[in-house]
Every structure is written in C-alpha cells, then in structure tokens.
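Quick notes on the structure that follows.
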C-alpha cells in the first residue's frame, strides 16, 4: 500500500471535522415533533414546520419570518407589507382566452 500524500492527509482530516454529528438515536429519534423540525424558540434557526400538515404560512425559521438582519425587509413579515397578495387578495389564473395564436390548456 502506498503512503498517503499531504493532500490526502489534509482531505481526510477536513472530512472528519466537517462530518455532521448526528444527535438522534432510537432513544431520541428525529420526528415531525422534534425541536429541530419545528419553528420554535428552542431552535429558532433550525426548524421550519409547525406540526400542522401543509401549514406554509406559519412555519419557517426566524430568518424566514423576520428576515436577515443585514438585508432589510427580507423576511416574510417585511415582504407582507410590499406584497399585493395575501389572504384577501390571492393569486388567480389569468384569463388567456383572448390570446390569439397561443395554446389554451
């Protein structure tokens, strides 16, 4: 067997350092109720869900909701002020019936 090059040694060391530690086991399994899955105050940057099926409006990490502190109005709260769509004004399929020469599906 040949000796490892310096690059291989460095790569193997970096790989070990960058391997994510898995904190979950049979005793502490990962699930949809884990704090790492939920958008909660315990792990505000990790969780995205609410535990409610297809609840897209209330989930998200703290960055998704409040925005990146270095980018004004980048979160959902800031965008709701600018966005013309919401609960009372929803997205609609445009009427393309008068478009000549285009395929209507």
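Computed from the coordinates by the stated procedures, all read-outs in this text should not be read as laboratory data. This structure is a prediction, so every number in the text was calculated from the model and none was measured. When we count neighbours, we look across all protein chains shown, and the Cβ atoms used for this are built from the backbone with ideal geometry, even at glycine.
The table below lists the values:
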| read-out | value |
| --- | --- |
| Lone qualifier among 67, 60, 101 - being over 25 Å from the mean Cα position of the chain (by Cα) and at positive phi | 101 |
| Where a residue in region 76-105 is within 30 Å of residue 39 (Cα to Cα) and its partner, wherever it lies, is loosely packed, with under 10 Cβ neighbours inside 10 Å, with Cβ under 6 Å and at least six apart | 85/91 |
| Residue list for region 52-62, filter: surrounded by fewer than 15 Cβ atoms within 10 Å (Cβ to Cβ) and in contact (Cβ under 8 Å) with a residue 12 or more places away in the chain | 58 |
| Qualifying positions in region 65-75 - surrounded by fewer than 12 Cβ atoms within 10 Å (Cβ to Cβ) and either over 28 Å from residue 43 (Cβ atoms) or touching a residue at least 24 places away in the same chain (Cβ under 8 Å) (or both) | none |
